[in-house]
1. Run through the range 77-117 and list the trypsin sites (Lys or Arg not before Pro) located in a DSSP loop whose Cβ has at most 10 other Cβ atoms within 10 Å.
2. Amide H to amide H under 5 Å from HIS104: which residues, 5+ apart in sequence or cross-chain, H placed 1.01 Å off N in plane?
3. Round to the nearest 0.05 the FRET efficiency obtained for VAL306 and ASP111 when R0 = 45 Å and r is the Cβ-Cβ distance.
4. By how many nm would the segment from HIS135 to ARG355 lengthen if fully extended, with 0.36 nm per residue of separation less the alpha-carbon distance?
5. Counting only residues 5 or more places away or on other chains, whose amide H sits under 5 Å from the amide H of SER110 once H atoms are built in the peptide plane?
6. For a label point 7 angstrom out from the Cα of THR10 toward its Cβ, which stretches of the range 43-64 have the backbone nitrogen within less than 20 Å?
7. Provide the per-residue ³J(HN,Hα) series for the range 400-406, in order, calculated from phi with Karplus coefficients 6.51, -1.76, 1.60 and θ = phi - 60°, each as a whole number of Hz, with x at glycine and proline positions.
8. Rounded, prolate or oblate: which fits the range 215-302 when a ≥ b ≥ c are the square roots of the eigenvalues of the alpha-carbon gyration tensor, with rounded for a/c under 1.5 and prolate only if a/b beats b/c?
Amino acid sequence: MSTTPEDRLTPEQLRTLFLFESLSIEQIHWLAERGRVERRDAGEVVYREGEPATCFFVLLRGAISLHRVLHGDDVEVNRTDQRGVYSGATRAYLGDRVEQSYPHTMRAVSDAEFFVLPADEFAYAVRTWFPMALHLLEGLFFGTRAANAIVNERERLLALASLSAGLTHELNNPAAAALRATAGLRERVTGMRHKLAMIADGRLDGAALHKLVGLQDDAVRHAAAGVDLTAMETADEEDTVSDWLEERGIARAWDLAPSLVAAGIGVPWLTEAASTVGDEYFEGAVRWITYTIDTELMMGEIDDSVERISELVGAARQYSQLDRTPLQIVDVHALIDATLTMLQAKIPQGVRVVREYDKSLPSIPAYGAELNQVWTNLIVNALDAMPDGGTLTVRTWREDARLMVEIADTGVGIAKDIRPRIFEPFFTTKQVGEGTGLGLDISYRIVVNKHHGDLRVTSEPGDTRFTVCLPIEQEAANSEPSGDTEGETGTRTETEAGTGTAAAETDSEASTGAAGGVSPAAGG
């Protein structure tokens, strides 16, 4: 670290920083006397998360990044090169009521220079110069922290309840099918045991038994191959088989015909079977074969049901990413498909889902669980915009070094006057109790702050499109976030208007946007 305590900024130089431009001459001179200039080399840690917060830092030159340690992994939450942004001991004015430690780690991305003010001096200045603002900031900090804790917990519970209900609904169908098939299978096996009792009694000689086993094997092969008939063709074939069996005195032929037809067994096969085992054993043979076919079909149904359950569990694992490290190489299409599977129960009957994937797209470095949260928020919003049905289109393609994901709907659209506000925290157009207004704000933070991508929206009645832009290469993921995103609000103008400090304070709890409110989320 290169520190030069004798280096000072002149009052005129301090006045060029937007944070201090409205201070009085006496206040500017006070800061100039007590602050110092410090320099950090590229890659050097300015301060580390959890250490006592001893200094307030204002960026004079260079670029910085903020990091949090989450579950043992270092996660970058913000990056900027805007002159005048601030971080560090931003909560010093709260005194002992709040733990005075750095809520994140700051690193110098390039060679950087800071105006540094000791935490106790910063706290004295805020308390002495801005008594009314101090009360407002205290109320904002503690009030927002309490509200965020309640709302975020409620948001997580609602999301968990919604996904749990959807997953339970989807699991119930194959589970119920497996139970029905198991009950039917038990009945068929009981019937086959009764037929085995006939064999044990010697009613069927060895030659006839050998022929019967051959017919059984042939019927199993037919059942495995299946048939491809329309509903009308199936009904006609069942009538034909049922009539043929009744002509030969087979009782309850109408009950046997559906199973035989489902296995592709028709009159020609039955005629050959009758000539093979003879009229004496034909009815017993037909019923034995029917039991065998039913058993095979039910085992196939159980197999399909269990496979469906396994697929749903796999989709839930893919969605939650519980068995993965936070940053990984992911297939975006697999993540989207897992999300659509989890939300299947929420998709109304009248909504058609269209997937237009560019299968040539590569896997990308990303936080899979967080991206699934983005897809969930965007898809649910799209479905909510189409209560009477429509088309949900998920499209992917590549633009230069970025992977593009578009989620479009044919719903009512977003009114032009509220479009600039949709990424603001707690802003919602839904009825009271139906939304917290955090979905798009969280999505924006994940895409822009965490993945250094972009989230855009265009909307008109019948055509609303949210486009997520993600860097494909790891090098691109480390680059500066795009600044031309539609709906961006974290500009210098807002910070100059006095929102930067509050944003830094309230967001420091979540460790995002703490560098002076430069991110859209912090600025909101």
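1. none
2. GLY50
3. With R0 = 45 Å, the Cβ-Cβ based efficiency is 0.15.
4. 73.9 nm
5. GLY43, ALA63
6. 60-61
7. Those phi angles translate into 6, 9, 10, 9, 10, 10, 10 Hz.
8. oblate
Taken together, the values in this text are just the output of simple stated rules run on the coordinates, not laboratory data. On a predicted model such as this, the values are computed, not experimentally measured, just so you know. Please note: Cβ atoms are built from the backbone with ideal geometry, for glycine as well, and neighbour counts cover all protein chains shown.
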